[in-house]
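Worksheet: the structure to be examined is printed underneath.
The values are calculated or read from the model by the stated rules, or taken from the named source; none is laboratory data. Predicted model only: the values in this text are computed from it and were never measured. For neighbour counting, all protein chains shown are included, and Cβ atoms are generated from backbone atoms with ideal geometry for every residue, glycine included. With ligands, DNA and RNA removed, areas are computed over all heavy atoms of the protein, side chains included. Shrake-Rupley method; radii C 1.70, N 1.55, O 1.52, S 1.80 Å.
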Amino acid sequence: MATKSALETQLAVVAGFEDPRADLEQYPTPPELAAHVVHVADLNGDVEGRLVVDLGTGTGMLALGAALRGPARVVGIDVDRSALVTAVENRRRVGTRTPIDWVQADATRAPLCPDGPTTVLMNPPFGAQNGNEHTDRAFLETAATIADVSYSVHNGGSQEFVESFATDRGGEVTHAFRATLDLDRQFDFHTADSEEINAEVYRIEWSGGDD
């Protein structure tokens, strides 16, 4: 197994959004965070030989990280076609030969019905924009429907919500760790050139994909 630092180096070539949309909270997932999430998932046996689904894949960072760790197949789902075009280009940059399907669709209504072991990786919108409140809840709902296990990035202070949601759906949070997101200024309402956001990552085991 390649090291986490090696994976981070491989993901450093992944390009971000050319024209990010504030309404979709399109912030790039840093390669160091993606590498950490994928590495932890791999150590737990949640990548190799499995279907890995990246909900709200954006330009493909988590999907491509997983593709470098020997899954059976990867599916990246995003509603934004332009982001998926960049994801296709990023796959060429990374150089993985793992089968990847890029699907333009609403990740909260993913058109999937997996019939084998499935892992979801996702960095969903935090719900910070008007009209996006509780969007991460909808992403978790999809994960609970299609996956055996999921890894998701949430805003700091989300533990009570995530654990309660998982319990209500017959799931269990098995791992949690803190992370930071260093975000560069990319929208007009940003007042600083960069901002460090406290985040949390949760691994959840779900009771079953089609319950």
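Looking at the structure I just gave you, is Val79 surrounded by fewer than 18 Cβ atoms within 10 Å (Cβ to Cβ) and either in contact with a helix residue (DSSP H, G or I) (Cβ under 9 Å, 6 or more places away or on another chain) or among the small types (Gly, Ala, Ser) (or both)? In short, yes. Evaluated against (1) without any contact (Cβ under 8 Å) to a residue 24 or more places away in the chain; (2) surrounded by 13 or more Cβ atoms within 10 Å (Cβ to Cβ); (3) small (Gly, Ala, Ser), Gly45 falls short on exactly one condition, (2).
Which of the residues spanning region 1-32 are touching a Leu at 6+ places or on another chain (Cβ under 7 Å) and open to solvent by less than 50 Å² (accessible area, probe 1.4 Å)?
Leu7, Leu11, Val14, Thr29, Pro30, Pro31
Just one of the listed residues (Thr57, Thr98) is at pLDDT 95 or above, of a type in the set (S, T, N, Q), out of contact with any Pro (no Cβ under 9 Å at 6 or more places or on another chain) and not in a strand (DSSP E or B), and it is Thr57.
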